[in-house]
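Peer 1: Sending over a structure as structure tokens; questions will come in a sec.
The values are calculated or read from the model by the stated rules, or taken from the named source; none is laboratory data. Only a predicted model underlies this, so the values are computations on that prediction, with no experimental measurement involved. In this analysis, Cβ positions are derived from the backbone assuming ideal geometry, glycine residues included, and neighbour counts consider all displayed protein chains. With ligands, DNA and RNA removed, areas are computed over all heavy atoms of the protein, side chains included. Shrake-Rupley method; radii C 1.70, N 1.55, O 1.52, S 1.80 Å.
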Amino acid sequence: MSEINLNTYAPNTWCPGCGNFAILNAIKTVLKSLVDEGLPFENIVLVSGIGCHAKIVDYINANSFYSIHGRVTPPCEGIKLANPNLKVIGFAGDGDAYGEGIEHLIFAAKRNMDITMIIHNNRVYGLTTGQYTPTSPFGFKGRSTPQGTKELPINPLEVMLASGATFLSRGTSHGMEQLKKIFKEAIMHKGFALVDVLQVCVTYFNMYDYYDKKVYELKEHDPADYEKAHALIREWDYNKDAPIALGVLYRKEAPTFDNTFLTPPVSGGVDREAKIRELLSEAI
Ligand SMILES: Cc1ncc(C[n+]2csc(CCOP(=O)(O)OP(=O)(O)O)c2C)c(N)n1
Ligand code: SF4
Ligand SMILES: [Mg+2]
């Protein structure tokens, strides 16, 4: 295993038992293995938003960019377009990515941006102490909904499938070995990849027991089968009491935006920097 030291001096302030630890440990292992396999470490860029999840970039000693709440996706897209050789990985909360920032996620999926989005979906606003999010179940009693929410949640994977995402998967913070596999596949996928992690917030929405009873690992599923993927995504809609499939739900090869943005593609000998300058000067 690679000798790179991904640890930082930042004291970890997550609550003991928080599902974010599993994501942190899984991604560190995956980054090391990618470097072992030849990915230049300096080509990895991590981006986060604002929320408990976002602190993950404080805890990994790698190139990173701390963005703002709801805006993880646009910097990921910009970084990828400026230098398509980079592996760009965004970490976002469910409030962050599926609430305030969902429009960005939809368009990144539509364009098949070659980025990986890891969503810490604890189904609550953790950092701001327990308000409901777009994936909180009906009746969720939080700080802003003491009588329980009166809205059904959205199914983010269904939204992403409809938007054109080419890699969709789900894991849980109780399944670190599986998270490692999924993260690696998502990062290696050429195109827009999203991992919805059912990351448990032990303090404001402790779902460990529920998920432990409901989740199952996909074994025979062919992720190229759109109809089957759709059926699996609908099997559990983030509200009803149903089995919850974990693993790679959907995968498709398709042209990516960074390759079609500049014509001919970068590999065709275009002076990328000159072209970007030209496009920027036209825009001003
Ligand atoms: C533009 C903007 N809107 C709202 C906020 C307030 N805010 C900060 S964190 C947060 C919720 C975070 O929830 P989530 O994205 O689910 O992340 P978690 O803390 O659960 O990891 C909110 C609403 C903000 N800082 N900036
Ligand atoms: S509030 Fe929830 S999400 Fe935030 S660190 Fe604590 S357990 Fe984790
Ligand atoms: Mg959250």
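Peer 1: Within the range 13-20, does at least one residue satisfy the condition of being open to solvent by 10 Å² or more (accessible area, probe 1.4 Å), modelled with pLDDT under 95 and over 16 Å from PHE183 (Cα atoms)?
Peer 2: Restricting attention to the range 13-20, the residues satisfying the condition of being open to solvent by 10 Å² or more (accessible area, probe 1.4 Å) are 13-18.
From what's left, modelled with pLDDT under 95: none.
The answer is no, given that none of the residues of the range 13-20 is open to solvent by 10 Å² or more (accessible area, probe 1.4 Å), modelled with pLDDT under 95 and over 16 Å from PHE183 (Cα atoms).
Peer 1: Have a look at LEU24, LEU81 and point out the one that is among the hydrophobic types (A, V, I, L, M, F, W, C) and more than 16 Å from ligand 3 (Cβ to nearest atom).
Peer 2: LEU81
Peer 1: May I pose another question? Consider the range 104-133. How many of its residues are hydrophobic (A, V, I, L, M, F, W, C) and either open to solvent by 10 Å² or more (accessible area, probe 1.4 Å) or within 14 Å of ligand 2 (Cβ to nearest atom) (or both)?
Peer 2: Kept after step one, since they are hydrophobic (A, V, I, L, M, F, W, C), are these residues of the range 104-133: 105-109, 113, 115, 117-119, 124, 127.
If we keep only those that are either open to solvent by 10 Å² or more (accessible area, probe 1.4 Å) or within 14 Å of ligand 2 (Cβ to nearest atom) (or both) too, we end up with 106-107, 119, 124, 127.
Of the residues in the range 104-133, 5 are hydrophobic (A, V, I, L, M, F, W, C) and either open to solvent by 10 Å² or more (accessible area, probe 1.4 Å) or within 14 Å of ligand 2 (Cβ to nearest atom) (or both).
Peer 1: Still on this structure, please answer the following. For the range 145-204, which residues satisfy the criterion of being among the aromatic types (Phe, Trp, Tyr) and not in a helix (DSSP H, G or I)?
Peer 2: Let us first name the residues in the range 145-204 that are among the aromatic types (Phe, Trp, Tyr), namely 167, 183, 192, 204.
Once the filter is applied, which keeps residues that are among the aromatic types (Phe, Trp, Tyr) and not in a helix (DSSP H, G or I), the range 145-204 yields PHE167, PHE192, TYR204.
Peer 1: Any idea which of (1) over 28 Å from ASN206 (Cβ atoms); (2) not in a helix (DSSP H, G or I) is the one PRO74 doesn't satisfy?
Peer 2: (2) is the only condition that PRO74 fails.
Peer 1: Looking at SER144, SER136, can you tell me which residue is of a type outside the set (A, V, I, L, M), more than 15 Å from the chain's Cα centre (by Cα), surrounded by fewer than 19 Cβ atoms within 10 Å (Cβ to Cβ) and within 16 Å of ligand 2 (Cβ to nearest atom)? I'd like the intermediate steps shown before the answer.
Peer 2: Values: SER136 fails: surrounded by fewer than 19 Cβ atoms within 10 Å (Cβ to Cβ).
Exactly one of SER144, SER136 is of a type outside the set (A, V, I, L, M), more than 15 Å from the chain's Cα centre (by Cα), surrounded by fewer than 19 Cβ atoms within 10 Å (Cβ to Cβ) and within 16 Å of ligand 2 (Cβ to nearest atom), namely SER144.
Peer 1: Scan ILE60, ILE44, ILE50, ILE115 and give me the residue that is out of contact with any Lys or Arg (no Cβ under 7 Å at 6 or more places or on another chain) and β-branched (Val, Ile, Thr).
Peer 2: Numbers: ILE60 fails: out of contact with any Lys or Arg (no Cβ under 7 Å at 6 or more places or on another chain); ILE44 fails: out of contact with any Lys or Arg (no Cβ under 7 Å at 6 or more places or on another chain); ILE115 fails: out of contact with any Lys or Arg (no Cβ under 7 Å at 6 or more places or on another chain).
ILE50 is the lone residue from the list that is out of contact with any Lys or Arg (no Cβ under 7 Å at 6 or more places or on another chain) and β-branched (Val, Ile, Thr).
Peer 1: Check VAL202 against each of (1) open to solvent by less than 30 Å² (accessible area, probe 1.4 Å); (2) within 16 Å of ligand 2 (Cβ to nearest atom) and name the one condition it does not meet.
Peer 2: Every condition holds for VAL202 apart from (1).
Peer 1: Have a look at GLU37, GLU3 and point out the one that is exposed (fewer than 14 other Cβ atoms within 10 Å of the Cβ), away from ligand 2 (no atom under 15 Å from the Cβ) and modelled with pLDDT under 95. If you could, list the steps in order and put the result at the bottom.
Peer 2: Details: GLU37 fails: modelled with pLDDT under 95.
Exactly one residue qualifies, and that residue is GLU3.
Peer 1: Test each condition in (1) open to solvent by 10 Å² or more (accessible area, probe 1.4 Å); (2) within 16 Å of ligand 2 (Cβ to nearest atom) for ASP96 and report the one that comes out false.
Peer 2: (1)
Peer 1: Considering only the range 110-133, how many residues are away from ligand 1 (no atom under 13 Å from the Cβ) and either assigned to a loop (DSSP other than H, G, I, E, B) or farther than 16 Å from PHE183 by Cβ (or both)?
Peer 2: The total comes to 6.
Peer 1: Now for a different question. Within the range 56-71, restricting attention to residues that are part of a helix (DSSP H, G or I) and open to solvent by less than 40 Å² (accessible area, probe 1.4 Å), which residue is farthest from ligand 2 (Cβ to nearest atom)?
Peer 2: Of all residues in the range 56-71, those part of a helix (DSSP H, G or I) come to 56-59.
In the following step, the residues that additionally are open to solvent by less than 40 Å² (accessible area, probe 1.4 Å) were identified as 56-57, 59.
Details: ILE56: 11, VAL57: 15, TYR59: 12 Å.
Restricting to residues being part of a helix (DSSP H, G or I) and open to solvent by less than 40 Å² (accessible area, probe 1.4 Å), the top hit is VAL57.
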